[in-house]
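Notes for the one structure printed next.
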Amino acid sequence: MIPDGRQLGRVAYHFNNAMMRLKRFISLLAMAAICTLAGAQEVNKAKELFDTMSKYFSLKAYGQFAYEYESKDKTNSFYTRRIILFGNVNLHKRLELFYMFSAASGFKPLEVGGKIKICDEFNVSVGQMKVPYTMQAMMSLSKDELIEGALPANYIANVDASDEAYSGGTSHGGRDFGIMIEGSAINIPSSDKKLLDYKVGLFNGQGINQKDKNNHKDVCVYLALNPLSCLKVTGGTYLGKARALADRPEDRIVNGTDYTRNRWFAGFQLTTKPVMLRAEYLEGKNNESIARGAYATTMVRMWKNLDLLGSVAYLKKNKDAHGDTYRYVAGVEYRFFARCRFQLQYQREHDNYTHTDNNQLITQLQLGF
């Protein structure tokens, strides 16, 4: 049977539709292939760019999120303690820039500057950085065993805002703007450590993110001996003057005037696989008054990444005035990834100056990369 014209027309119509669909399908396959190839090239370019940038630029971050209960004020709250971004830019094998920003509330620079790496024995840093006064004050808060830090270091080394005459109610984290030389000398046989570490700095003496408020520059010297691979013995001094940002009558410090702010310290740290023990004694002269304090902190490895914590601290803000403060801390710490850990601590503080006690239960979750 020979098909008539209408049947041929319908066949032609369906054939043309099928060919059009086939052309569209082939075109889509071609476009997908081209996009895949282009995407692969872009991915390769992006990877190459990332590898290149990684050689020169690093970015790390961590956040600390806490819950705290206080018996003194009968308060409890969840809150963000801090969010920190930090890293460095390697401009040359002997020159790097460093930076650190706080992003928990606003965006505040904590450390910004550059470092010239000449040799192991001599390096120069310029910028806003940690003042080399006490081991506790120089520790990264991402590694500090104590959630709220050591009591005497917070006050005498200006880690928090508890010394309002100096800080004006703003925490400087033990940082200042200045220039510092540092290095390590004298090789120890069969060890990657050096016998002597030193840091010498010249600083404004007024804290971070502001100009100096007087014409005095402060000097800080830090020395550490490493007689054993597991033992570090430290000591140092800080000599300076600061412009008072608040009155402190008990020390005869008047807001807006310059006052002497000298310090010295001595301490040691013993680090073995099962036990870490660090202890320091601090003393500071504020105008004509002497503040002194000491602390000891230990961590005992219980199982893999689980540690027990114990700490005791003492602070007397003015040796000639009545009253001192004791703080006791017990807790556990579990590290479940790099820069990630969970801390649970009970803290009891007895203040003989105000005759008050405070019990705190603090938990902190730290997440970082």
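Couple of notes before you dig in:
- The residue list R263, R278, R301, R292 contains one member that is in a strand (DSSP E or B) and within 21 Å of Q128 (Cβ to Cβ), which is R263.
- Residue that is farthest from I290 (Cα to Cα), among those in the stretch 157-166 that are in contact (Cβ under 8 Å) with a residue 24 or more places away in the chain and under 19 Å from the mean Cα position of the chain (by Cα): N158
- Residue check, K273 charged (D, E, K, R), at pLDDT 95 or above and on the phi < 0 side of the Ramachandran plot: no
- Answer residue from the stretch 336-369, given it is under 21 Å from W303 (Cα atoms) and not in a strand (DSSP E or B) and is farthest from the chain's Cα centre (by Cα) among those: A338
- Residues satisfying the stated conditions in the stretch 118-143, i.e. part of a strand (DSSP E or B) and over 13 Å from the mean Cα position of the chain (by Cα): I118, C119, F122, N123, V124, S125, V126, G127, Q128
- Flag not set for A296, criterion: among the small types (G, A, S), in contact with a helix residue (DSSP H, G or I) (Cβ under 9 Å, 6 or more places away or on another chain), touching a residue at least 12 places away in the same chain (Cβ under 8 Å) and surrounded by 15 or more Cβ atoms within 10 Å (Cβ to Cβ).
- Counting only strands (runs of 3 or more DSSP E) wholly contained in the stretch 144-251, the ones carrying 3 or more residues that are of a type outside the set (V, I, T) and out of contact with any Phe, Trp or Tyr (no Cβ under 9 Å at 6 or more places or on another chain) occupy 194-203, 218-228.
- Screening the stretch 180-212 for residues that are among the basic types (K, R) and without any contact (Cβ under 8 Å) to a residue 40 or more places away in the chain and picking the one that is nearest to V159 (Cα to Cα) gives K211.
- Of the criteria (1) touching a residue at least 40 places away in the same chain (Cβ under 8 Å); (2) surrounded by fewer than 19 Cβ atoms within 10 Å (Cβ to Cβ); (3) over 26 Å from E250 (Cα atoms), which one G267 fails: (2)
- R252 vs. criteria basic (K, R) and modelled with pLDDT of 95 or more: no
- Summed over the stretch 119-136, residues that are surrounded by fewer than 24 Cβ atoms within 10 Å (Cβ to Cβ) and either free of Cβ contacts under 8 Å to residues at least 40 places away in the same chain or polar (S, T, N, Q) (or both) total 3.
- Residue count for the stretch 162-204 under the criterion of being of a type in the set (G, A, S), closer than 22 Å to N262 by Cβ and modelled with pLDDT under 95: the result is 7.
- Residue count, the stretch 308-320 (criterion: in contact with a Gly (Cβ under 9 Å, 6 or more places away or on another chain) and either surrounded by fewer than 18 Cβ atoms within 10 Å (Cβ to Cβ) or in a strand (DSSP E or B) (or both)): 8
- Candidate set from the stretch 274-284 (those that are out of contact with any Lys or Arg (no Cβ under 7 Å at 6 or more places or on another chain) and not aliphatic (A, V, I, L, M)); member that is nearest to D144 (Cα to Cα): R278
- Among (1) free of Cβ contacts under 8 Å to residues at least 24 places away in the same chain; (2) in contact with a helix residue (DSSP H, G or I) (Cβ under 8 Å, 6 or more places away or on another chain), the one test that A103 misses: (2)
- Taken together, N305, N318 contain a single residue that is in contact with a Phe, Trp or Tyr (Cβ under 7 Å, 6 or more places away or on another chain) and at pLDDT below 95, which is N305.
The values are calculated or read from the model by the stated rules, or taken from the named source; none is laboratory data. Everything quoted here is computed from the prediction, not taken from an experiment. Every residue, glycine among them, receives a Cβ derived from its backbone with ideal geometry; neighbour counts consider all protein chains shown.
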